[in-house]
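Nothing in this text is a laboratory measurement; each read-out follows from the coordinates by a stated rule. Since we're looking at a predicted model, the values are computed, not measured. Neighbour counts are summed over all protein chains in view; Cβ atoms, including those assigned to glycine, are modelled from backbone coordinates with ideal geometry.
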Amino acid sequence: MRLRRRMTALPVAAAVVAAVTLIAACSSSNSSSSSSGTGTGTANSTASAASGTTTIGVDLTYNSTAFWAAYINYETQYASQLHIKLLGPLLAAANASLQNQQIQDLVNEGAKAIIVNPETATSLGPAIAYASAHHVQLISVDTIVGVGKVYMVVRASNTIYGLDACAYISSKVKSGYVLDLEGDLTSSNGADRTNAFDQCMTANDPNVHVLKDPTVWTEATAVTDAQNAVNAYGSDLKAIYAQWSSPDLGVLPLLASKHLTGKVILVGYGASAAALAGVASGAWYGDVAQAPASEGRLAVQALVKALRTGQDSGGIDPVAQLPDNGIVTKANVSQFTAEWPG
């Protein structure tokens, strides 16, 4: 099976830059000048255009994973560089009603733009309407928006993530069982990764039975499900696909205790520092890379050009810069640099 490249609009790590660029571009009198050059130059010119401290609100559904911890740290770094005052991040803890109220509060506190990770694709209708009525733009990170209108969605193709994992596993496994540790199927990310992986496995590995275990992004649930699968299927369990990075470190000792290290293919997600170390050691077979800093540098240049000139740069393919379209294996792991700890 041929691997596909991910086409992304913007990574989550560039959301602060996108928000301040939006404000600066809308208020800049030099709207006809385009931006080019390095990502650092873009950030500096954006901060200059903003001319002082800009207030931006942040509202997230979670902060309990390594990914979101890294996101918050990176967001704070960008805010400092661009002279931004952050309100938040507020945490909704998967409560859609609370998140709608928090966004209204951020608007009332003077946020000029708000970065939000929605609970679901359709949960932000009241908040979007309230922000729009007060001329405050929302930027959604990591989740599509299926109701109302936001300025931008900052999200990679989770369909391609699922296809990438399937491509690797289906090239190695032709019989037995594969465990898919699914995320939250009510979220666009979990649904897209799951649907793409399942459909691809059905088409390319018809003799493999996929065990579908929804975990709602809960590490303990994922590790327990993996243990149940190992106990039930033993050596007939050929591979485990973890749709996010957290379960991997819990699954590894489980496989070791059953003498299945290197026998059960473990494919994770994110290419964090922990994941790269695991692939290098042979503890797990592969990982699907995520590169927020690299994606951000390319995407911000295109975003500034679009806002200031009205020109669309088209799709951005940051994976073109990575070996093997971002599929990390023991053979190429030395060519990757982690952009978050995992």
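Over all distinct Cα-Cα pairs of the stretch 177-278, the Kirkwood formula returns a hydrodynamic radius of 13.6 Å. For Asp59, the residues whose amide H sits under 5 Å from its own are Leu90, Ile115, Val116, Asn117, ignoring neighbours fewer than 5 places away on the same chain, with H placed 1.01 Å from N.
Per the Debye calculation on the stretch 131-233 with a single equal scatterer at every Cα and no solvent contribution, log₁₀ I(q)/I(0) for q = 0.16, 0.24 Å⁻¹ amounts to -0.76, -1.26.
What order do you get for 242-254, 172-184 when each peptide is scored by the mean count of other beta carbon atoms within 10 Å, highest first?
242-254, 172-184
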